[in-house]
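Written below as structure tokens is the structure these notes are about.
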Amino acid sequence: MSAADDPWAERFVPLWSTYIFKRSLPDAAHNNAAIVELVLAMDSQKDDMTVDYKGVDFLQRPEPSIAWLREEVNTTFRNYLQTCNITYPVRGDIQAWPNVNRRGDYHGPHNHGWSYLSGTYYVQVPLPGTAAGDMSPAAITFSDPRQGAAHHSIAPDPDAAARFTVHPQPGTLLLWPSPLIHYVHPNHSDDVRISVSFNIVLQWSNDFAG
């Protein structure tokens, strides 16, 4: 029976969709090689680089590979807004920082609720199967933002699951609403996982109220 023939279909009202934007960036391989070299050099000079992200403005660096990534993040931001039917002008500041995750490193459940959107660009990720007991050492999992949703996740429909896991590849860029709870799976591989995370904070302008 089609939805048009189903008398119950019109009685369902879908509410509060959560958009997670995923795209593969063009020209990633060439730029990723340069970003890996830069990030590892930075990591060798600062022990807590991955966790000391406040005040870091990684995407404002002058290197061509970083300028390329900055433009791709801005393009993704604009397309995210269009997908959400936000047609009025929106301006945002991007705060970005690099991550280096070695064996055993992970990021527990958290969000970035002080921002509007958050995202991660994956520069180098361990391959599936390179870690004993963990087939997804590069994965990131998002949790249903509705309180108590896990108790209602009984349907076989994947859209009804309380968690959604992404298995990124080098060149994958993700963007999502900042209040969304997420966690990064442990890297049980000897391969280093390198990414660039960022928050987008909206700027106020008096002409928004006009």
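Listing for the model above:
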quantity: Identity of the residue in the stretch 101-137, among the aliphatic types (A, V, I, L, M) and modelled with pLDDT of 90 or more, that ends up surrounded by the most Cβ atoms within 10 Å (Cβ to Cβ); calculated: VAL123
quantity: So ARG70, is it touching a helix residue (DSSP H, G or I) at 6+ places or on another chain (Cβ under 8 Å) and basic (Lys, Arg); calculated: yes
quantity: Unique residue being touching a residue at least 12 places away in the same chain (Cβ under 8 Å) and of a type outside the set (Lys, Arg) when the list is GLU37, GLU72; calculated: GLU72
quantity: Test: SER17 is among the polar types (S, T, N, Q), modelled with pLDDT of 95 or more and surrounded by fewer than 13 Cβ atoms within 10 Å (Cβ to Cβ); calculated: no
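The values are calculated or read from the model by the stated rules, or taken from the named source; none is laboratory data. Keep in mind it's a predicted model, so treat the numbers as computed, not measured. A quick note on method: Cβ atoms are made from the backbone with ideal geometry, for glycine too, and the neighbour counts reach across all protein chains shown.
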